[in-house]
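The values are calculated or read from the model by the stated rules, or taken from the named source; none is laboratory data. Everything numeric here is computed off the predicted structure, so don't read it as measured data. Cβ placement follows ideal geometry from the backbone for every residue including glycine, while neighbour counts extend to all protein chains displayed. These accessible areas exclude ligands, DNA and RNA; they are computed on the full protein's heavy atoms, side chains included. Shrake-Rupley method; radii C 1.70, N 1.55, O 1.52, S 1.80 Å.
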Amino acid sequence: MGVTSPTAVRHVQLALDLAALGWHVFPLSPSNKRPLANCLDCQNNPHCAADDYTGCICLPDGQWCHGVRAATTDPTRITTWWRRVPDAVPAVAAGPSGLVLIDLDTHATRPPRDPAAELLPGIDLAEEQVPGGYGSVRNGIDAMHLLARLRGGHHPWPAGPDHQPVSVRTPSGGRHLWYRAPDDHLHQALSALGWQIDIKAGWSYGIAPGAVTRAGTYAVHAGTPHAPGRMPDWLEREVRRVAGPKPAPPPAPVVPAAPGQSNAAGYVRAVLDNGTAELASLTDGRKAALGALAYKIGGLLPWADLTPADVEDHLVRAGLASGLIYRDARRIVQRSLTNGLAQPLPAPRDSHAT
Ligand SMILES: [Zn+2]
Ligand SMILES: [Zn+2]
């Protein structure tokens, strides 16, 4: 009979306790704090690769493949997962749990080169009074205090349980502030609220309050997961300012449509343009849509006598403009282009190509 470590006992119990409160949990690897790896089926399944899970057999089957997408409140599922990896670190999916996480880092990095523009992007600090000067802002906690002072007025943090987040001290000295999300869902975090201040909403996640990792404990020092408070109004406004609006559309495509150019390349360009516009209008399923678009374009490349290099940059920018992060957009585009290229499409009937 194996010996279960106290940490493992704590972790399955912590996951079950949070799940009972409606927090959607899933396991992270105890060694690198990343979601446990997908199975081989999922790695080879084009639906899963493009983050369109319609063809995934693991998610409906209760497997942990796809990390945050598998997050659940089902005690049976949770018990099964932690029986398999007892020292897995529980993480919480923000959006499905009705939560938003403000993540304040204290990385020992150099301060931004242009603090007036970069400490609180979107707020021109050259126009504001920064008490103590830029040098007083040494980390995300300081940046948050500055934001609170500039936007929150005299009492930026209302007293009382209504606005008390679950406040967690991270092993590196940072803070996690778990708030109840506004009723209308926030977009996935599109960018940072400030220097070393990240917003985790939608399909973003954070390590569960109370979890113990090899680096240390995520210790709750105020608030309770039973009743996370709402963000103060000023903070909600700031979060919406960053997480709400869409970024600007991408520049014109690289595929040229010069006179004399083949109709085929022009057709591909039109598919790119339409797909880009469609992507920009999506709030859900952007990864799947980008994957599908890149897959289709990949299939058209041989017919249009183009190479992936002709379209990759444009596709990645289309992904960025829809709110995806660069790493995800590039991965999806490269993989889907390659997959599409392996399945060449016949000349489209509406292309009028010669
Ligand atoms: Zn799988
Ligand atoms: Zn899958």
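Annotations for the structure displayed:
- Shown for region 6-93: the carbon plus sulfur share of the solvent-accessible area, taken with all protein chains present and a 1.4 angstrom probe, equals 52%.
- Our summary gives the chain a relative contact order of 16 percent, counting only alpha carbon pairs under 8 angstrom and 6 or more residues apart.
- Separation between Cα centres of region 1-60 and region 132-148, rounded to whole Å: 36
- The residue among Pro46, Leu59, Ile78 whose Cα reaches farthest toward the positive pole of the charge dipole of region 8-151, with charges on the beta-carbon of Lys, Arg, Asp and Glu, is Ile78.
- Among 116-128, 227-239, 158-170, sorting by the average number of other beta carbon atoms lying within 10 angstrom of each residue, highest first, gives 227-239, 158-170, 116-128.
- Check: region 262-341 dipole with +1 on Lys, Arg Cβ and -1 on Asp, Glu Cβ, in debye: 260
- Ellipticity estimate at 222 nm from DSSP helix runs (n ≥ 4, -39,500 (n - 2.57)) divided over the chain, nearest 500: -11000 deg cm²/dmol
- With the highest mean first, a sort of the peptides 321-327, 96-102, 20-26 on other beta-carbon atoms found within 10 angstrom per residue produces 96-102, 20-26, 321-327.
- Region 77-181: C-alpha pair distances exceeding 24 Å, %: 41
- Here is the tail figure for region 6-93: Cα pairs spaced more than 18 Å apart come to 39 percent of all pairs.
- Packing here is the average count of other Cβ atoms within 10 Å per residue, and on that basis the peptides 313-319, 299-305, 74-80, 11-17, highest first, run 313-319, 11-17, 299-305, 74-80.
- Kirkwood Rh, angstrom, the chain [1 / mean 1/r, Cα pairs]: 22.4
- Share of alpha-carbon pairs per 5 Å distance bin for region 106-151, given as whole %: 5, 22, 39, 26, 7, 1
- Per residue solvent-accessible surface (Å²) - the chain, probe of 1.4 Å: 50
- Only one residue of Leu300, Ile141, Ser172 has its Cα farthest out toward the positive end of the dipole of the chain, where Lys and Arg carry +1 and Asp and Glu -1 on Cβ, and that residue is Ser172.
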